[in-house]
Amino acid sequence: MFDITEAAADQIRSAAQQGGTVGMVLRLAARMREDGSIEYLMGFDDASEEDIRIVTKGVEVVMVPETVPLLEEAVMDYVELKKGDFRFIFSNPRDANYSPPTEE
């Protein structure tokens, strides 16, 4: 099932606090591109009855049922890509561009 890291959870809570969206759920969406890569979208939203709901690291996440197969094994993290450039990233074996993390 989809998961988020502690770093991502902390940043999501911080963004909700700063944006005045505390109490809203994090909505995730994903779609397969023609090249097999996956495009990810997210934002704070209200949940609907049709949504699939999960709670991970204290964050409530919702998605439409059609998105579940694309996010089933994904992990969302919040990392520093370059000095001072922090971003959410998705590690997802279902994505054509996925390469498993290596230990250095």
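Rule-based calculations on the coordinates, nothing more; no lab input. Values in this document were obtained by computation on a predicted structure and should not be read as measured data. Note that we place each Cβ from the backbone using ideal geometry, even for glycine, and neighbour counts take in every protein chain shown.
Of note:
- Sub-7 Å Cβ pairs linking a first residue in the stretch 18-45 that is among the small types (G, A, S) to a second residue that is assigned to a loop (DSSP other than H, G, I, E, B) and surrounded by fewer than 16 Cβ atoms within 10 Å (Cβ to Cβ), at least 6 apart or interchain, are G36/A96; S37/A96; S37/N97, ordered by first then second residue.
- Enumeration of residues in the stretch 46-60 that are out of contact with any strand residue (DSSP E or B) (no Cβ under 9 Å at 6 or more places or on another chain) and either in contact (Cβ under 8 Å) with a residue 24 or more places away in the chain or of a type in the set (S, T, Y) (or both): G58
- Single condition P93 does not satisfy, out of (1) assigned to a loop (DSSP other than H, G, I, E, B); (2) within 11 Å of the chain's Cα centre (by Cα): (2)
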